[in-house]
Amino acid sequence: MAEKFQITIDGREIEASPEQTILEVARENGIYIPTLCYYKGTTNVGACRVCVVDVENARSLVAACAMPVSPEMVVTTDSDRIREARKLVVELLWASGDHNCLTCEKNGNCELQDLIYYLGIEQPRFTIEPPGYPKEDTNSMIQRDLNKCILCGRCVRACNEIQVNEVLDFSGRGSRSKVGPAFDMDYFSSDCVFCGECADACPVGAITFKQARFAGRPWELEKVRTTCPYCGVGCQIDLNIHKGKIIKVTGNRNYGNPNLGSLCVKGRFGIDFIDDPDRLTTPLIRKNGKLTEASWEEAIGLITEKLTSIKGEHGPDSIAGFSSARCTNEENYLFQKFMRGVIGTNNVDHCARL
Amino acid sequence: MTNSIEEIEFTDVILATGTNTTENHPMIGARVKRAVRQHGAKLIVIDPREIGLVKYANIWLRQKPGTDVAVLNGLMNIIIGENLYAKEYVDTRTEQFDALKEVVAKYTPEYVEEISGVPAEDLKRAARMYAEADKAAILYAMGITQHWTGTDNVKSCANLAMLCGNIGIAGGGVNPLRGQNNVQGACDMGALPNVFPAYQQVANDDARTRFEKAWNVSLSGTPGLTVTEMPDAVLEGTIKALYIMGENPMMSDPDTTHLEKALKKLDFLVCQDIFLNETGELADVVLPSACFAEKDGTYTNTERRVQRVRKAVDAPGSAKPDWQIISELATKMGYPMNYDSAEEIMNEIRTLTPSYAGVTYSRIEEEGLQWPCPTEDHPGTQYLHKDQFTRGRGLFHAVEYIPPAELPDEEYPFILSTGRVLYQYHTGTMSRRAKGLVERFPESLVEINPDDARKLGINEGATIEVTSRRGKVAAKAKITKSPPQGTIFMNFHFSEVAVNKLTNPALDPIGKIPEYKVCAVKVEAA
Ligand code: SF4
Ligand code: SF4
Ligand code: SF4
Ligand code: FES
């Protein structure tokens with residue numbers, strides 16, 4: 001690794017390494033620089049210019065997210081000039097879309113909204129002219145309203161560089177440019193595999209999770225980190241809870257291995273089963289050939305009686321148990337302890353061979 | 001996995017065989033794709049089907065189903081013949097190389113081409129690509145294990161990796177990708193008929209004494225029956241009662257007709273699950289469980305990482321976490337289990353499972369730890385067999401190719417291969433209740449090659465009948481280039497199309513895994 005050196009940000013002497021950008025060094029040291037198009041783990045495109053900062057002796061403001069640091073660099077992250085430049089960018093973005101926060105699912109968790117507030121913009125100086133695209137509502141998982149798109153390209157990079165699904169791209173030019181699957185296809189008919197990475201990446205309300213629509217405001221949600229119940233990758237997922245109900249699953253780019261915050265369609269959209277009306281809610285006992293509701297006491301009592309008598313009559317090896325690759329370690333441990341220690345047999349296995 | 005998921009992204013060569021990674025382990029699939037697209041790794045795919053990864057592959061070897069050992073032996077034949085193997089590593093860290101060399105000698109590229117249909121030249125290119133890499137990772141899944149020669153297939157993968165010095169280094173390894181979220185943990189915890197937690201043999205006196213002391217009981221030293229041996233034991237009358245926690249064998253067993261007979265013959269069947277599934281319908285007692293989001297605990301992923309599961313919402317009705325149910329039952333049966341939390345159970349596990357001894361809940365609050373993690377200050381183990389194999393020297397197993405147990409003939413001219421699809425999972429209990437997943441994949445489909453479809457007069461979406469010696473099912477046709485000519489692919493997620501009525505219950509003699517990847521069938525337009 002090349003040697004570290006000093007740079008100055010807002011008058012502070014800070015240590016930096018040559019492969020870092022101004023933004024990275026600033027963030028590492030708790031110095032705030034606003035961003036929009038920057039997305040961790042993807043190419044720094046330097047497209048939106050919201051992150052501009054002043055570098056001494058540079059002719060114009062530079063994009064902090066794309067500019068590598070160099071020895072003795074002197075950086076200013078906030079000034080009237082910088083604010084003016086950022087305001088111009090944000091006002092243009094605001095005016096080019098339909099940013100009606102009243103009904104937007106992202107209200108309260110929108111990076112554009114936050115920037116407008118941060119920069120103290122009352123009104124954009126330009127006329128608001130949304131492009132008038134039809135909304136995409138082809139499926140129950142992801143919905144798109146490109147009238148809110150600020151063309152930051154985060155979804156495109158998330159799809160191509162993080163998931164490498166290679167579905168999304170830009171099409172058209174300038175104000176007519178647009179993000180989406182090739183040939184202007186909708187998600188459902190494209191090659192999209194509904195991983196939802198693009199929705200996690202979108203800073204505004206342009207790509208959102210359909211089931212969570214009107215299901216709870218961002219500030220009312222509690223997030224519980226857990227492990228995906230599907231495949232053996234064991235992705236870390238955030239269950240988003242609203243009033244005791246899970247309304248959506250999100251990834252968190254700050255989580256580390258194994259999945260660095262990315263999910264697939266099963267972890268993301270596969271957990272409706274949790275509050276399916278068919279869930280078992282009470283023990284059942286077969287009475288006259290039919291499974292009938294019973295109390296826990298009755299059920300546990302019957303099992304005890306039956307297992308004890310079968311064990312007494314035919315020995316412990318006449319009883320077998322299947323544990324489960326979907327139960328926790330603690331439960332698998334207890335189950336084999338129960339079969340071995342309480343029943344007295346090694347007839348315990350699980351269905352992973354199948 | 002010997003190695004870690006993260007390493008896949010930064011290795012030089014990835015050899016993926018018998019794994020449809022982008023559908024069955026999508027977030028490992030993303031690592032593979034990033035390795036190729038962003039970090040210059042090379043990818044070799046060995047698979048009869050044109051799976052999603054083929055688009056990213058440098059070399060695709062399309063072997064006939066069930067010829068894996070021949071292909072792997074062929075690779076080793078070339079590597080040894082061209083002197084590309086890791087001589088020093090083989091000399092100093094392995095044994096039985098000569099036996100291997102002798103057996104693979106006859107698997108010349110031409111002979112392998114005859115058996116597998118893989119062009120000799122492609123095989124050579126793949127062998128060189130794998131052998132010349134500084135570090136190369138082998139990934140495999142059910143496409144390797146679900147054969148009656150599954151154990152041989154696995155051994156051949158290990159042979160290849162050892163031959164090129166790829167075990168015990170970062171970015172290398174033989175890496176089985178586990179299908180279900182906690183298969184690794186279930187095995188680690190001793191949910192197996194022959195071992196206690198941490199693979200301590202029940203037949204070993206020291207191990208047994210240790211557990212007898214800790215649990216304060218006397219224990220049997222006779223290994224029990226496997227899942228696949230159970231139905232026969234029931235029909236023979238040796239097994240009278242069965243307790244099933246969180247499984248639905250009526251859907252996943254290789255021969256469901258046979259199993260149903262067995263389950264019906266039982267004196268007593270208990271099912272403990274989150275839904276009343278096909279197996280539960282036959283039970284005498286059904287107990288309602290809490291699901292993963294309603295309880296605390298840990299799962300161990302395919303790279304041996306022990307990670308937290310957290311209670312986020314309440315269980316419906318009076319459903320309870322499985323650990324509580326077992327505790328209550330054990331207590332009632334006269335063996336008190338008084339655990340207040342899952343964490344307390346983990347603390348007991350730690351005292352009896354050396355590889356988990358250092359895994360405390362507080363340490364895995366943020367990121368999980370990879371076992372072996374023997375002490376509380378041990379950082380966990382990113383990859384196994386560093387400097388030395390667990391058993392000392394790595395053992396080569398000379399393995400001969402054995403054809404699949406049932407091959408196509410005049411009456412049953414097609415090969416049926418079964419597996420999973422991206423949008424569904426296992427027996428569908430969870431995934432078929434998800435609106436989005438069902439939208440994407442609403443019903444079972446038979447994947448059939450366009451040429452075969454044309455010959456049989458089958459159109460896209462037409463219902464076709466698939467018959468084997470054991471049964472018959474019908475499903476809609478999906479015409480795709482993915483399966484080769486002469487092979488059809490079906491998934492086992494839909495109970496109304498019980499594919500396991502068709503499959504061959506021929507078991508691998510050691511792994512006791514059924515041959516789900518190859519059986520002979522007849523295909524007709526319905
Ligand atoms: S859901 Fe995934 S595959 Fe589909 S467009 Fe978004 S990032 Fe790409
Ligand atoms: S849809 Fe969202 S993420 Fe994609 S370019 Fe538009 S604003 Fe950015
Ligand atoms: S999110 Fe997808 S890849 Fe990750 S554990 Fe769940 S099923 Fe596997
Ligand atoms: S965040 Fe730096 S240019 Fe967009």
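The numbers here are math on the coordinates, done by the rules we state, and not lab data. Because the structure is predicted, anything quoted here is derived from the model rather than measured. With ideal geometry, Cβ positions are generated from the backbone for all residues, glycine too; neighbour counts draw on all protein chains shown.
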ask   = Taking the Cα centre of each part, how many Å lie between segment B:439-478 and segment A:123-147?
value = 41 Å
key: segment A:130-275: relative contact order in percent, alpha carbon pairs under 8 Å with at least 6 residues between   = 19 percent
ask   = Which Cα, out of A:Asn288, A:Leu260, A:Asn332, lies furthest along the positive dipole direction of segment A:245-354 (beta carbon charges, K/R +1, D/E -1)?
value = A:Leu260
task = For an R0 of 35 angstrom, estimate the FRET efficiency from the Cβ-Cβ distance between A:Asp137 and B:Tyr199 and round to the nearest 0.05.
result = 0.10
key: B:Phe389 long-range amide H proximity, modeled H, under 5 Å   = B:Gly394
task = Take every Cα pair under 8 Å in segment A:31-87 that's 6+ residues apart, average their separations, divide by the length, and report that relative contact order as a whole percent.
result = 32 percent
note = Scalar couplings 3J(HN,Hα) for segment A:83-89 by Karplus 6.51 cos²θ - 1.76 cosθ + 1.60 (θ = phi - 60°), nearest whole Hz, x for Gly and Pro, are 4, 4, 4, 5, 4, 4, 4
request  = At q = 0.08, 0.10 Å⁻¹, what is the base-10 log of I(q)/I(0) for chain B according to the Debye formula with one equal point scatterer per Cα and no solvent? Please give it to two decimals.
outcome  = -0.55, -0.88
222 nm mean residue ellipticity, helices alone, for chain A (DSSP H n ≥ 4; -39,500 (n - 2.57); rounded to 500) = -6000 deg cm²/dmol
key: Residue-count net charge about B:Ala398 - beta-carbon cut-off 14 Å; Lys, Arg +1, Asp, Glu -1   = -2
ask   = Under the Kirkwood approximation for Rh and a Cα-based Rg, what ratio Rg/Rh is obtained for segment A:144-241?
value = 1.00
note = Using alpha carbon centers only, segment B:201-230 is separated from segment B:238-271 by a whole-angstrom value of 23 Å
task = First select every other residue whose beta carbon is under 11 angstrom from the beta carbon of B:Gln382; then total the charges, Lys and Arg +1, Asp and Glu -1.
result = 0
remark   = Per residue, the convex hull enclosing the alpha carbons of segment B:183-370 has a volume in Å³ of 135 Å³
query = Which percent, to the nearest 5, of DSSP beta bridges fully inside the protein assembly as shown are antiparallel?
reply = 55 percent
key: Proximal lysines to B:Lys124, defined as alpha-carbon separation beneath 28 angstrom and excluding residues fewer than eight positions away on the same chain   = B:Lys33, B:Lys42, B:Lys55, B:Lys64, B:Lys87, B:Lys101, B:Lys106, B:Lys135, B:Lys155, B:Lys481, B:Lys517
note = The residues B:His258, B:His385, sorted from fewest to most surrounding Cβ atoms within 10 Å, come out as B:His258, B:His385
Under 5 Å, built H, 5+ apart or other chain: amide partners of A:Ile142 = A:Lys210
remark   = Computed from the beta carbon distance with a Förster radius of 41 Å, FRET efficiency for B:Ala105 and A:Lys178 to the nearest 0.05 stands at 0.10
message = Can you report the principal axis dimensions of segment A:5-78 using only the alpha carbons, biggest first, rounded to whole angstrom?
response = 27, 25, 19
remark   = Output field shielding_mean for A:135-142 (other chain Cβ, 10 Å radius) holds 2
remark   = What the Cα atoms of the protein assembly as shown span along the principal axes, largest first and in whole Å, is 89, 68, 62
ask   = Which net charge results when you count Lys and Arg as +1 and Asp and Glu as -1 among the other residues whose beta-carbon is under 14 Å from that of A:Pro68?
value = -2
note = Once phi for every residue in segment A:213-227 is put through the Karplus expression 6.51 cos²θ - 1.76 cosθ + 1.60 (θ = phi - 60°), the whole-Hz ³J(HN,Hα) values, with Gly and Pro written as x, are 4, 6, 9, x, 6, x, 6, 9, 8, 10, 9, 10, 7, 8, 10
task = Could you tally up the Lys pairs in segment A:130-275 with alpha carbons closer than 16 Å? Skip any pair fewer than 8 positions apart unless they're on separate chains.
result = 12
remark   = So the pair-distance distribution of segment B:414-525, from every Cα-Cα distance in 5 Å bins, comes to percents of 2, 13, 22, 23, 19, 12, 6, 2, 0
key: Burial order of peptide ranges A:137-144, B:184-191, B:407-414 (average beta-carbon count within 10 Å, highest first)   = B:184-191, A:137-144, B:407-414
note = When the charge dipole of chain A is computed with +1 at the Cβ of Lys and Arg and -1 at the Cβ of Asp and Glu, the Cα pointing farthest to the positive end, of A:Val62, A:Asn346, A:Leu93, is that of A:Asn346
ask   = Can you give the relative contact order of segment B:183-370 as a percent, counting alpha carbon pairs under 8 Å and 6+ residues apart?
value = 15 percent
inquiry  = I'd like the mean, over residues of A:240-249, of how many other protein chain beta carbons sit within 10 Å of each residue's own Cβ.
reply    = 1
remark   = In this structure, the FRET efficiency calculated for B:Ser341 and B:Glu236 from their beta-carbon separation, with R0 = 41 Å, to the nearest 0.05, is 0.45
query = Can you sort A:Ser323, A:Ser189 so the residue with the fewest Cβ neighbours within 10 Å comes first?
reply = A:Ser189, A:Ser323
Mean Cβ neighbour count within 10 Å, used as a protection proxy, ranking A:262-271, A:313-322 highest first = A:262-271, A:313-322
query = What is the set of long-range amide H partners of B:Val309 at a cut-off below 5 Å, with H atoms built 1.01 Å from backbone N?
reply = B:Gly297, B:Thr298, B:Tyr299
message = Just to confirm the filter: which GluC sites (Glu not before Pro) across segment A:97-132 are DSSP coil and have at most 14 other Cβ within 10 angstrom of their Cβ?
response = A:Glu122
ask   = What average count of beta carbons from other chains do you get within 10 Å of the Cβ of residues in B:171-184?
value = 5
key: Exposure proxy ranking, count of Cβ atoms within 10 Å, fewest first, for B:Tyr111, B:Tyr425   = B:Tyr111, B:Tyr425
ask   = For segment A:179-196, what does the Karplus curve 6.51 cos²θ - 1.76 cosθ + 1.60, with θ = phi - 60°, yield as ³J(HN,Hα) per residue in whole Hz, taken in order and with x for Gly and Pro?
value = 10, x, x, 4, 6, 6, 6, 7, 4, 5, 8, 7, 7, 3, 10, 6, 6, x
